[in-house]
Amino acid sequence: MKHISADTSSHIISQTANKYNNKTQFKRSALMVAVVLSLGVAVSACQDPNASVQNAKDSTVKSTETAKKSVGVAVVDQAQLAIEISKKYIITDGHIDVPYRLESEFENVAEHTAHGDFDFPRAVAGGLDAPFMSIYIPASLEKTGGSKALADKLISMVENIVKEAPDKFALAHSTADVEKNFAKGIISLPMGMENGSPIEGDLANLKHFYDRGIRYITLTHSKANHISDSSYDEARPAGGLTDFGKTLVTEMNNIGVMVDVSHISDDAFNDVMAISKTPVIASHSSARHFTPGFERNMSDDMIKTLAKNGGVIQINFGSSFITQKAIEYGKLRKAAIKSFSAENNVEEKSDEVEAFKVAYKTKYPYPFASLSDVLDHYDHIVKLVGIDYVGIGSDYDGVGDSLPNNLKDVSSYPNLIEGLLKRGYSEQDIAKILSGNVMRVWKAVEVYAEQH
Ligand SMILES: [Zn+2]
């Protein structure tokens with residue numbers, strides 16, 4: 001819900017769609033009728049704009065049942081082998097937005113939840129072992145204040161999830177913790193901070209957040225901050241990293257916090273590459289090759305530089321990170337909403353505009369990327385730099401209703417594995433994608449910090 005443009009709007013759509021799916025709440029205002037007529041479609045309360053999503057979820061349930069049955073059974077096909085692999089190796093995911101999701105609407109993720117992309121039963125079904133919980137801080141707090149307080153609050157929330165279900169979840173402040181928890185069959189919840197604004201210009205806060213378990217920091221989010229310029233922000237006040245940002249990268253190396261280059265501008269990326277003494281991660285970015293001009297993804301040159309540094313790009317599954325078609329849809333939709341609200345003289349956050357969004361989506365269904373499209377990103381990066389520099393950064397709970405069919409939630413990793421098997425990836429290669437590459441980077445960061 002926190003990615004600007006298409007991602008934010010798709011999340012809003014899904015929330016609105018849910019709201020309007022409840023027939024008792026479905027009230028047709030005069031303007032709503034006008035909306036429908038203006039779109040030239042007959043929208044009825046019976047229509048379910050999320051039908052495709054629901055179907056995908058049903059198929060996920062089926063695959064979960066298959067998973068249960070297949071344990072201990074001889075591997076006879078790639079689907080079964082995929083499930084075996086998902087259980088045999090640690091699976092890390094670089095970016096899952098559970099804390100901010102729960103901050104908006106609390107649910108007990110130790111049990112099956114009605115909403116969201118992550119909960120314990122689905123994580124077990126998917127073989128997920130170490131999802132990085134994103135401690136996401138909205139860019140607006142850089143100016144208004146409150147970044148550090150919100151980060152502390154969200155970290156406490158992750159600690160509470162663990163405290164309430166110690167047989168299911170455990171904190172993980174090191175690679176050794178992840179391995180120890182995996183051996184015990186407990187899901188690790190390592191933490192990364194999305195947006196460095198909680199550092200608030202004071203290196204003492206880096207130590208504070210390290211002590212609380214933060215193991216990567218995404219230097220900024222959708223706006224330039226006191227550390228770095230942002231790929232989403234036209235303003236580039238620093239022309240890359242700020243002076244403080246440069247110092248911070250060095251101190252992150254020294255203390256043992258991974259530098260996350262997702263979200264930052266290309267110039268800031270180049271500054272990080274020139275300064276960092278350890279490999280870095282892109283916790284949730286995809287290949288710009290498929291989305292030309294979308295700076296939030298990484299260009300081929302950047303991926304080559306990242307690989308030279310020993311770092312890892314963790315592929316974001318959100319459709320607008322995967323295909324140009326999804327990006328174009330987002331742009332057209334945004335323009336349509338803008339003109340609707342201008343023509344009807346209504347606020348962009350009004351009920352009328354929400355109704356317009358639902359009707360729009362019904363007439364123009366979202367062009368979900370496919371699993372195959374996601375696999376193309378893996379193929380592209382592997383062809384470019386080899387198997388050692390790519391991982392998973394799904395952005396579950398962060399990109400709303402924009403996830404590809406067959407990759408809808410944390411029960412889906414076996415589908416990814418099966419796809420990789422079908423494209424000829426070996427079990428060892430897949431193990432590197434699932435966690436080997438990220439664990440290598442994290443260990444290198446730990447070793448460097450011990451020595452400095
Ligand atoms: Zn993000």
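Among the conditions (1) in a helix (DSSP H, G or I); (2) in contact with an Asp or Glu (Cβ under 7 Å, 6 or more places away or on another chain); (3) acidic (Asp, Glu), the only one that residue 84 does not satisfy is (2). Within the option set 426, 412, 394, 435, being small (Gly, Ala, Ser) and farther than 17 Å from residue 127 by Cβ holds for one residue only, 426.
Here residue 264 passes the criteria (1) surrounded by fewer than 18 Cβ atoms within 10 Å (Cβ to Cβ); (2) within 16 Å of the ligand (Cβ to nearest atom) except the one numbered (1).
When segment 158-197 is filtered for residues that are in contact with a helix residue (DSSP H, G or I) (Cβ under 8 Å, 6 or more places away or on another chain) and of a type in the set (Lys, Arg), only 168 remains.
Residue by residue, here is whether (1) surrounded by fewer than 19 Cβ atoms within 10 Å (Cβ to Cβ); (2) touching a Leu at 6+ places or on another chain (Cβ under 7 Å) holds:
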position	(1), (2)
333	no, no
340	no, no
343	yes, no
349	yes, no
353	no, no
356	no, no
363	yes, yes
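Sort through 178, 158, 162 and tell me the only one that's assigned to a helix (DSSP H, G or I), under 28 Å from residue 223 (Cα atoms), more than 16 Å from the ligand (Cβ to nearest atom) and of a type in the set (A, V, I, L, M, F, W, C). After ruling out the rest, the residue left standing is 158. Flag not set for residue 143, criterion: under 16 Å from residue 220 (Cβ atoms), modelled with pLDDT of 95 or more and away from the ligand (no atom under 16 Å from the Cβ). The selection criterion, being away from the ligand (no atom under 16 Å from the Cβ) and in a loop (DSSP other than H, G, I, E, B), does not hold for residue 245.
Restricted to segment 351-452, the set of helices (runs of 4 or more DSSP H) holding at least 1 residues that are within 16 Å of the ligand (Cβ to nearest atom) and among the aromatic types (Phe, Trp, Tyr) is empty. Being part of a loop (DSSP other than H, G, I, E, B) and touching a Leu at 6+ places or on another chain (Cβ under 9 Å) is a property that residue 237 lacks. Only one entry in 412, 372 is hydroxyl-bearing (Ser, Thr, Tyr) and over 21 Å from residue 129 (Cα atoms), namely 372. A search for C-beta distances below 8 Å between a residue of segment 398-411 that is within 19 Å of residue 330 (Cα to Cα) and aromatic (Phe, Trp, Tyr) and any residue that is within 16 Å of the ligand (Cβ to nearest atom) and assigned to a loop (DSSP other than H, G, I, E, B), counting only pairs 6+ apart in sequence or on different chains, returns nothing. Take the conditions (1) away from the ligand (no atom under 16 Å from the Cβ); (2) over 23 Å from residue 261 (Cβ atoms); residue 103 misses just one of them, which is (1).
Candidates in segment 277-310 are the residues that are surrounded by fewer than 16 Cβ atoms within 10 Å (Cβ to Cβ) and free of Cβ contacts under 8 Å to residues at least 60 places away in the same chain; of these, the one that is nearest to the ligand (Cβ to nearest atom) is 293.
Would you check if there is a residue in segment 415-422 being under 25 Å from residue 135 (Cβ atoms), in contact (Cβ under 8 Å) with a residue 40 or more places away in the chain and of a type outside the set (A, V, I, L, M, F, W, C)? No, segment 415-422 contains no residue that is under 25 Å from residue 135 (Cβ atoms), in contact (Cβ under 8 Å) with a residue 40 or more places away in the chain and of a type outside the set (A, V, I, L, M, F, W, C). Of all residues assigned to segment 351-358, none qualifies as being under 20 Å from the mean Cα position of the chain (by Cα) and of a type in the set (A, V, I, L, M). Among the helices (runs of 4 or more DSSP H) confined to segment 92-149, the ones with at least 3 residues that are over 14 Å from the mean Cα position of the chain (by Cα) and not aliphatic (A, V, I, L, M) are located at 120-126, 141-144. Kindly list the number of the only condition in (1) within 16 Å of the ligand (Cβ to nearest atom); (2) out of contact with any Pro (no Cβ under 8 Å at 6 or more places or on another chain) that fails for residue 229. Going through (1) within 16 Å of the ligand (Cβ to nearest atom); (2) out of contact with any Pro (no Cβ under 8 Å at 6 or more places or on another chain) one by one, residue 229 breaks only (2).
The values are calculated or read from the model by the stated rules, or taken from the named source; none is laboratory data. This is a predicted model, so every value here is computed, not measured. FYI the Cβ positions are ideal-geometry reconstructions off the backbone, even for glycines, and counts take in every protein chain you see.
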